[in-house]
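As structure tokens, the structure follows; a few thoughts come after it.
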Amino acid sequence: MDLEEKVKKITETLDSIYPNPQIPLDHQDPFTFLVAVVLSAQTTDKKVNQVTPALFARAPTPELMAAMDVKEIEGLIRQIGLAPTKARNLKALSQMLVDRFNGQVPQTFEELESLPGVGHKTASVLMVQAFHKPAMPVDTHIHRLATRWGLTSGKNVKQTEADIKRLFPQEQWHRLHLQLITFGREYCPALRHDPSTCPICSFAAVERADV
């Protein structure tokens with residue numbers, strides 16, 4: 001199977017399993033989505049969704065979050081990994097949104113990545129999912145799938161992002177990002193995975209000892 005045919009079959013398989021993929025993080029608007037994405041680093045979406053209702057009830061806007069004491073924020077998210085650092089980042093990014101962006105989440109990569117705790121992947125998630133602008137967020141899980149399926153020879157997520165963007169049409173990135181995240185969790189885990197029973201690995205997997 002050549003690469004073009006493989007990409008086509010991967011797309012068809014993902015579309016058949018997830019015709020309408022949903023954002024797994026609960027949110028109401030770009031600000032609460034930004035907060036949820038920042039909190040999701042190195043923890044599960046399920047855990048984030050457990051703590052954000054109380055946090056958003058207390059501070060649903062940048063103005064209210066910026067006015068909170070860091071320790072109060074930390075107390076509300078204490079079940080989340082790296083809670084002290086994330087609490088400081090949430091207060092600082094909220095203050096920056098108030099001071100520099102009139103309380104609005106900016107819609108450019110440069111401005112998003114200027115916010116405390118917001119790297120390229122988080123900015124990409126906001127761009128494509130909140131603002132429907134061309135972006136293809138690649139985390140370690142999507143990097144694993146792309147490598148496992150021979151879609152990239154990259155040694156890092158930056159190269160994998162470039163390869164996925166080259167192989168899949170831009171209008172598909174919004175859906176593809178969500179499909180890959182969900183597929184990796186439900187069908188294609190990192191450990192104890194049987195490629196022969198996987199809907200995609202069964203035809204797309206390459207022989208790689210490290211994937």
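Bear in mind that the values in this text are calculations on the coordinates, not laboratory data. Since this is a predicted model, take the numbers as computed values, not measurements. Quick reminder, even Gly has a Cβ in these numbers, built from the backbone with ideal geometry, and neighbours come from all protein chains shown.
The table that follows gives values for the structure above.
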| read-out | value |
| --- | --- |
| Positive-end residue of G75, V37, T122, charge dipole of the chain with Cβ unit charges | G75 |
| Helix-derived mean residue ellipticity, 222 nm - over the chain, DSSP H n ≥ 4, -39500 (n - 2.57), to 500 | -16500 deg cm²/dmol |
| Candidates A36, A135, A54: whichever shows maximal mean-square fluctuation once the chain is modelled as a Gaussian network with Cα springs under 10 Å | A54 |
| Cβ-defined net charge surrounding T108, 15 Å radius [Lys, Arg +1; Asp, Glu -1] | -1 |
| Potential lengthening between Q170 and V70 on full extension [0.36 nm per residue; Cα-Cα distance subtracted] | 32.1 nm |
| Gain upon complete extension [Q104, D15; 0.36 nm per residue less C-alpha separation] | 28.7 nm |
| Separation in nanometres of the label points that stand 7 Å from Cα toward Cβ, at R78 and R58 | 1.0 |
| Theoretical gain in end-to-end length, I23 to E113 [0.36 nm per residue, Cα-Cα removed] | 30.3 nm |
| Net charge dipole size for the chain [Lys, Arg +1 and Asp, Glu -1 on Cβ; Debye, nearest 20] | 420 |
| Listed residues A83, A57, A67, most fluctuating in the chain (Gaussian network, C-alpha, under 10 Å) | A57 |
